Structures are given as C-alpha cells and as structure tokens.
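Undergrad: Next up is a structure, given as structure tokens.
The values are calculated or read from the model by the stated rules, or taken from the named source; none is laboratory data. This is a predicted model, so every value here is computed, not measured. Here the Cβ positions follow ideal geometry from the backbone for every residue, glycine too, while neighbour counts run over all protein chains shown. SASA here: full protein model, heavy atoms, side chains in, ligands and nucleic acids out. Shrake-Rupley method; radii C 1.70, N 1.55, O 1.52, S 1.80 Å.
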Amino acid sequence: MLDIVHLVLFTFLAVVAVAIIRLKDLFAAVMLMGIFSLLSASLFTVMDAVDVAFTEAAVGAGISTILMLATLALTESEEEPKYNRFKILPLIAVVLTGAVLVFATFDMPRYGDPEAPIHQHVAPHYIEHTDDEIGVPNMVTAVLASYRGYDTWGETTVIFTACVGVMLLLGGHAIVERFRRRRKLDVEGDS
Amino acid sequence: MISHLIPRVLSKLLIPLIMLFALYVQFHGDYGPGGGFQAGVIFGAGIILYSLLFGLDQAKEVFPPRVLEIFVAGGVLLYGGVGIAAIFAGGNFLDYDVLAHDPHHGQHLGILLVELGVGITVAAVMATIFFQFAGRGRTDD
C-alpha cells in the first residue's frame, strides 16, 4: 500500500519536473514549482519526516512561490527563446552526470535500513539519551536546538545574512538616498 | 486598486488563525512537529497574505519595516544572548544545562528561547524580503 503511494507521488514529481523544464510560460512554471514542493512535502510526510514536510510545505510551496511571482512581476514572465536551441555537448554532459549519479545510488543503503552508516554514528546516542539529557519529547527539536545548537545558530545567521543581502541589493538605493539626505542636512547645518 | 471583497473578508478570518497557528507551532515545538523556523515562516506567510490583499502601503503601516529590521537582528541576538548567558552561568556557549537550577529545566528554557529567536528572525526576514521585492520599482522608493 505504502509502495503504491510512494510510486504515485514519485511519478507525479517526475511529471511535474519535466513539465517545468518544457514550459515556456514562466508564470505556469512557478505554479508547477509550488505543486512540486507540495508533492515533496507529501513524500516527506509518508516517510515519517513531518518536521521536514512542514518546512517544505511552508517554504517551498508558500513563501518561495510568492517570491518567485514577485520576481516575475519585476521581470518578464516569458522565457527568452535563445536558450532553446538543441546542443549535443550539454546533453552528453547531463546524461553522463546523471548516469554516474544513478550508478552511485546502487552503493547507498536501502531506505530505512537500520545498518546504514548514518544510523550508526551519533543517532543511537540521541535516541537513547534525549529523554534523560534533554527531557524534550520531540527528538527533532532536541537535536536541532540543543545537541546541534551551533548548527542552528549558524543557520539563523545565514537567514539573517540573506535578509541583509536582499536589503542591500533591492533596497540599497533607498539606503543610499537616506544617507545622502542626512549628509546634505548635516552640511546645511554646518554652513 | 481592485477591491477583492470576498478574498479580503475570508483573509480577515484566516490571518488571525494563521498567526495563532504559527504561535502554536512555535511554542509546541518541544512536543510536536515544528519549531522556530516553521513558525516563523507561517507567521511571515500571514504577513505576506495580508499585504497581498490589503496593499503594500497598509501592510507597511501595520508592520513597519523599521520595526521588522529590529526583529531581524533581535532574533539572532536573542539566540546568541542565550549562548552568552550560558557562558556567564558557568557553562559552555549554548550549553543550556546551567541556565536553571536543574539541567532539564535549563534545557527547556534554553530551547524555548533559542527557538523564539529563530522564529522572530525568520518571520521578520520573510516579511522584509517580500516587502523589498514588492516595493521594488515604485516611485516612492
């Protein structure tokens, strides 16, 4: 039963991905990207990763779709035709890279395999000791906020930096104007 | 501007619920799925929905960009502040065990504050980035 759900969701993912590549209308492509994120969120839910699914649904399907739409409103919503010519060399490069990646997946442990290396390192410690070391029922929160507090601290700074970057790039003009006006006022005040 | 009456009325019902849900996700993250990042994104989505339906100018009056800027930095500072507080209490940076009289309470307090910092920053960042995108190319900018 679960395999059928996985199969259906993965098929839809592939179909939507191909559609996004083929579409010339960027507005429709953005909408399909939202659907892609929603499908990924459903997949994460089926795989019992609710925290990740939550984030994917909120960020991927919600915020980034709106930001993409806002970007389209500032630029064109139609793809430039000059990138549509068929070229043989990029095709070979993409097919080769894809083949290598598919070949690499054969070495990866099966989904949910308890013997997988990732489940042998620190995960057993988290599972056994979260209750007496942290005392928080949601193990994901315990790992994110306490065991890996440094990582989350770094991630928060990354988000902060992203915001500063956007403010400088898009609102830089306003900031420069603000400073210029202030300096002009200062100069007038001095003279 | 075209008056989208039905979406506006519906969103007036929905936006408070979205923000309440964000707070639930924020403070229930210890017990269920979710946490600061998700809560921040949901709260930011509420702000964005408001500005989509009621116009950017009114949204900027309700959520002034200057205040949002303070929250963007404030959340990061709250997170770092908890880490520094742990140092002053005699532990390592971000070691919540020493924040309260027993380690479990300290962990609870530390996780709550840290997640709050993440939530504040993320919500303010999402709203700010949207305001920047939506305000681009206007004459008053």
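Undergrad: Go through (1) open to solvent by 70 Å² or more (accessible area, probe 1.4 Å); (2) within 18 Å of the chain's Cα centre (by Cα); (3) more than 11 Å from chain B (Cβ to nearest Cβ); (4) aliphatic (A, V, I, L, M) one by one and return the number of the condition A:Leu43 breaks.
TA: (1)
Undergrad: Within segment B:126-141, restricting attention to residues that are at the interface with another protein chain (Cβ under 7 Å from one of its Cβ atoms) and not in a helix (DSSP H, G or I), which residue is modelled with the lowest pLDDT? It would help to see each step written out before you state the result.
TA: So the first thing to find is which residues in segment B:126-141 are at the interface with another protein chain (Cβ under 7 Å from one of its Cβ atoms), and the list is B:126, B:128-130, B:132-134, B:136-137, B:141.
Those still in the list that are not in a helix (DSSP H, G or I) too: B:136-137, B:141.
Values: B:Arg136: 75, B:Gly137: 64, B:Asp141: 41.
So, considering only residues that are at the interface with another protein chain (Cβ under 7 Å from one of its Cβ atoms) and not in a helix (DSSP H, G or I), the one modelled with the lowest pLDDT is B:Asp141.
Undergrad: Which of the residues that make up segment B:52-110 are surrounded by fewer than 16 Cβ atoms within 10 Å (Cβ to Cβ) and in a loop (DSSP other than H, G, I, E, B)?
TA: B:Gly55, B:Pro64, B:Ala89, B:Gly90, B:Asn92, B:Phe93, B:Ala100, B:His101, B:Asp102
Undergrad: Also, I was wondering about something else. Scan segment B:23-37 for residues that are at the interface with another protein chain (Cβ under 7 Å from one of its Cβ atoms) and not in a helix (DSSP H, G or I) and jot them down. Steps first, answer last, please.
TA: Going through segment B:23-37, the residues at the interface with another protein chain (Cβ under 7 Å from one of its Cβ atoms) turn out to be B:29-35, B:37.
Result: B:Gly29, B:Asp30, B:Tyr31, B:Gly32, B:Pro33, B:Gly34, B:Gly35.
Undergrad: Oh, and also: Please verify whether segment A:107-127 includes one or more residues that are of a type in the set (A, V, I, L, M), assigned to a loop (DSSP other than H, G, I, E, B), open to solvent by 60 Å² or more (accessible area, probe 1.4 Å) and more than 10 Å from every other protein chain (Cβ to nearest Cβ). Even if it seems obvious, please write down each step before you answer.
TA: The first filter runs over segment A:107-127 and keeps only residues of a type in the set (A, V, I, L, M), leaving A:108, A:116, A:118, A:122-123, A:127.
Narrowing the set further to residues that are assigned to a loop (DSSP other than H, G, I, E, B) leaves A:108, A:116, A:122.
After this cut, where a residue has to be open to solvent by 60 Å² or more (accessible area, probe 1.4 Å) as well, the list is A:108.
Filter once more, keeping what is more than 10 Å from every other protein chain (Cβ to nearest Cβ): A:108.
Yes, some residue in segment A:107-127 is of a type in the set (A, V, I, L, M), assigned to a loop (DSSP other than H, G, I, E, B), open to solvent by 60 Å² or more (accessible area, probe 1.4 Å) and more than 10 Å from every other protein chain (Cβ to nearest Cβ).
Undergrad: Separate question: Answer with yes or no whether B:Gly74 is over 22 Å from A:Ala70 (Cα atoms), within 11 Å of chain A (Cβ to nearest Cβ) and either modelled with pLDDT of 90 or more or over 13 Å from the mean Cα position of the chain (by Cα) (or both).
TA: On the way: over 22 Å from A:Ala70 (Cα atoms): yes; within 11 Å of chain A (Cβ to nearest Cβ): yes; either modelled with pLDDT of 90 or more or over 13 Å from the mean Cα position of the chain (by Cα) (or both): yes.
The answer is yes for B:Gly74.
Undergrad: While we're looking at this one, here's another question. Is there any pair linking a residue in segment A:65-80 that is under 14 Å from B:Phe131 (Cβ atoms) to one that is among the small types (Gly, Ala, Ser) and surrounded by fewer than 14 Cβ atoms within 10 Å (Cβ to Cβ), with Cβ under 8 Å and at least six apart or on different chains, and which?
TA: A:Leu74/B:Gly137
Undergrad: What is the one condition in (1) among the small types (Gly, Ala, Ser); (2) buried (at least 19 other Cβ atoms within 10 Å of the Cβ); (3) without any contact (Cβ under 8 Å) to a residue 60 or more places away in the chain that B:Ala127 does not satisfy?
TA: (3)
Undergrad: Residues to consider are B:His101, B:His105; find the one that is more than 9 Å from chain A (Cβ to nearest Cβ), out of contact with any Cys (no Cβ under 6 Å at 6 or more places or on another chain) and not hydrophobic (A, V, I, L, M, F, W, C).
TA: Numbers: B:His105 fails: more than 9 Å from chain A (Cβ to nearest Cβ).
On inspection, the qualifying residue turns out to be B:His101.
Undergrad: Let me ask something else about it. Just checking, which of A:Ala99, A:Ala93, A:Ala116 is more than 25 Å from B:Ile18 (Cβ to Cβ), free of Cβ contacts under 8 Å to residues at least 24 places away in the same chain and in contact with a Pro (Cβ under 8 Å, 6 or more places away or on another chain)?
TA: Numbers: A:Ala99 fails: in contact with a Pro (Cβ under 8 Å, 6 or more places away or on another chain); A:Ala93 fails: in contact with a Pro (Cβ under 8 Å, 6 or more places away or on another chain).
Answer to the selection: A:Ala116.
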